[in-house]
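**Student:** Below you will find the structure I want to go over with you.
We did not get these values from a lab; they are worked out from the coordinates using the rules stated. If you're wondering where the values come from, they're calculated on a predicted model, not measured in any experiment. So basically every Cβ, Gly included, is an ideal-geometry build from the backbone, and we count neighbours across all protein chains shown.
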Amino acid sequence: MTAPTASGTAAGPAPDVLRWRDADRAALRRLLAEFGLRIEQCAPDAGIPGSYWGDEEAGLVGAVVHVRADTPVHSILHESCHYICMDPRRRASLHTDAGGGYEEENAVCYLQILLADHVDGFGRERCMADMDAWGYSFRLGSTRAWFERDAEDAVEWLAARGLGEVGVVNEVG
């Protein structure tokens, strides 16, 4: 997986993805609270604290996910999954850069897709489509192809930490 491209820049308008303003915000707040996270909404056009990518991308400072009305839901889940995948030592100093290596990044992407099913009106199908529209890049050419046929390493990484599909995800919601 490679990093998503910047959105809404000189390359063109922002893709049509589900945004915080249009999402089931209560469901997202409940879901993330299960993992000790809370969401703080910023004023329109304000900079988002802790945003690694800038623009409308979600930010992460400690156990707080910072969003704006235009923040994509997939970005909120992605940053939240970084937190979920971290050990307590990394969480203690978390500000903007979640860190982690290649295997963790894949696990984060996989987990965000699983958690998408716990947000009414989003779900894994829309999450994967939004990830593709945003510019996530996987070796097999699409998020779905990666998720269905090439994500064994992510599944193993999550399972080794008790975060597999049967573990954390089934305990939520």
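**Student:** As an exercise: evaluate Leu163 against (1) part of a helix (DSSP H, G or I); (2) within 26 Å of Asp24 (Cα to Cα) and give the number of the one condition it does not meet.
**Tutor:** Only one criterion in (1) part of a helix (DSSP H, G or I); (2) within 26 Å of Asp24 (Cα to Cα) is unmet by Leu163, namely (1).
**Student:** Residues being farther than 20 Å from Ala23 by Cβ and crowded, with 22+ Cβ neighbours inside 10 Å: count how many of those fall in segment 107-140.
**Tutor:** Qualifying residue count, segment 107-140: 2.
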